[in-house]
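The values are calculated or read from the model by the stated rules, or taken from the named source; none is laboratory data. Just so it is clear, the structure is predicted and the values come from calculations on it, not from any experiment. With ideal geometry, Cβ positions are generated from the backbone for all residues, glycine too; neighbour counts draw on all protein chains shown.
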Amino acid sequence: MPRAPELRKAALAYLMAARIAHMRLFQAVEIADAAAAQAFKSWLIEEVFFRLAALSMEPHRAPPSATGCLCFRAG
């Protein structure tokens, strides 16, 4: 049967290993979170840019007239 000091040393070694593993996991999650946030920002900027570009390519239309037809605005 192991003695108390040996058990204490083994428990301390286990706790230290668990703490190191937890810190590494936490760091990995932080890095992944930052990468995901950056990727989302890049995608959002690109999406907004392309949608604005697409809108600027469309012809400007006047509101429907009394007859219901759409007329191109001069400009």
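Pairs under 6 Å by beta carbon, first residue at positive phi in the range 6-19, partner at pLDDT 95 or above and not aromatic (Phe, Trp, Tyr), six or more apart or different chains?
none
Would you call SER65 touching a Cys at 6+ places or on another chain (Cβ under 7 Å), at pLDDT below 95 and exposed (fewer than 10 other Cβ atoms within 10 Å of the Cβ)?
yes
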